[in-house]
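Okay, structure first, notes after.
Just so you know, all these numbers are worked out from the coordinates, no wet-lab data involved. Only a predicted model underlies this, so the values are computations on that prediction, with no experimental measurement involved. Positions of Cβ are generated from backbone atoms using ideal geometry, with glycine treated the same way; all protein chains shown enter the neighbour counts.
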Amino acid sequence: MQGNILITGVSRGLGLAIARAVVAAGWNVYGVSRTLSDEYRSLMEGEPSRVFFRAFDLSDADGVKAGLFGDFVPFGVPLHGFVNNAAQAYDDIVTNLDAERLRSMYAVNVFAPMMATKYAIRNMLFNRVKGAIVHVSSISVHTGYKGLAMYASTKGALEAFSKNTAREWGERGIRSNCVVAGFMETAMSGTLSEEQRERIHQRTALKEATRLESVADTIVFLLGDGAASVTGQNVFVDSGTI
């Protein structure tokens, strides 16, 4: 496979796994994170002509055009895929909801991805590319977890946005899907106790955490020609939670 894929949140965890899987599939990676991690730097050093990086804080939704599509992924770089992986977690019960923290999370999880999708599609249209968009969603949208109502609402917004994007741009060959990821062992879940983790695992058919590599490989599939007829879907990779 050949082409250019824009991926957000590549510094560690799932984003890093996605970047590695995309490179292994033969694509070029244009990675975005607030900071450059040693792991992603190593990936860049191993493939200096195929792996690129831009430091950008996605809480600045208004700066997405200049920050990501100005001189990083301009029209001269045909974009074949956009993977919206970056996310901010705000966990608490609803009666403790703080409006400022909610706005901050929506900026990263919803507003910036919507703006990035806007400019990714414009790039695809300019270059006459039949591209693919993949949003990383969460199983919390579809099954309740105490303390995740606010976070789940941001992912639910993305699922609705993705489905309507697919309908809007399908006739131009642009696809949009969501990968609904189950509970994974990442920095975002690092504050949970072993007892909490075990309770979550027991809610799944496989009785284990969802593997990063499984989610990443599914995203690679959705980006590729093998998924040419898949759009507007929520693809569950959740160890059988639902």
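Tabulated results
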read-out	value
Length added when fully stretched, Arg103-Thr35, from 0.36 nm per residue minus Cα-Cα	22.3 nm
Calculated [θ] (222 nm, deg cm²/dmol) that DSSP helices of n ≥ 4 give over the chain, each run adding -39,500 (n - 2.57)	-11500 deg cm²/dmol
Net +/- balance of residues flanking Gln88 in space, Cβ distance below 12 Å, scoring K and R +1, D and E -1	+2
Cα-based convex hull volume of region 110-238 per residue, rounded to whole Å³	111 Å³
Angle in degrees between helix 112-126 and the longest Cα principal axis of the chain, rounded to the nearest 10	30 degrees
Around Arg101: net Lys/Arg minus Asp/Glu count, Cβ-Cβ under 15 Å	-3
Residues Val230, Val83, Val110, sorted so that the one with the fewest Cβ neighbours within 10 Å comes first	Val230, Val110, Val83
Whole-percent pair-distance distribution, where bins are 10 Å wide, for the alpha carbons of region 4-237	8, 34, 38, 17, 3, 0
Under 19 Å from the Cα of Lys155 - lysines, other chains or at least 8 residues apart	Lys118, Lys146, Lys163
Likely footprinting exposure, Asp238, Asp225, fewest C-beta neighbours within 10 Å first	Asp225, Asp238
Distance (nanometres) between label positions extended 7 Å along Cα→Cβ at Glu45 and Met114	4.1 nm
Residues Ala25 and Ala55, FRET efficiency given R0 of 22 Å [Cβ-Cβ distance, rounded to 0.05]	0.35
Whether region 1-116 is rounded, prolate or oblate, judged on the alpha carbon gyration tensor where a/c under 1.5 counts as rounded	prolate
On Cα atoms only, tilt of 149-169 relative to the major axis of the chain in degrees	30 degrees
Inter-probe distance in nm under a simple model that places probes 7 Å from Cα toward Cβ, at Ala205 and Phe126	4.4 nm
Paramagnetic label zone (point 7 Å from Cα along Cα-to-C-beta, Glu185; backbone N under 13 Å) in region 204-242	208-213
Sequence of Thr218, Thr35 once ranked by neighbouring C-beta atoms within 10 Å, starting from the fewest	Thr35, Thr218
Summed side-chain charge close to Val29 - residues other than Val29 whose Cβ falls under 10 Å, Lys, Arg +1, Asp, Glu -1	+1
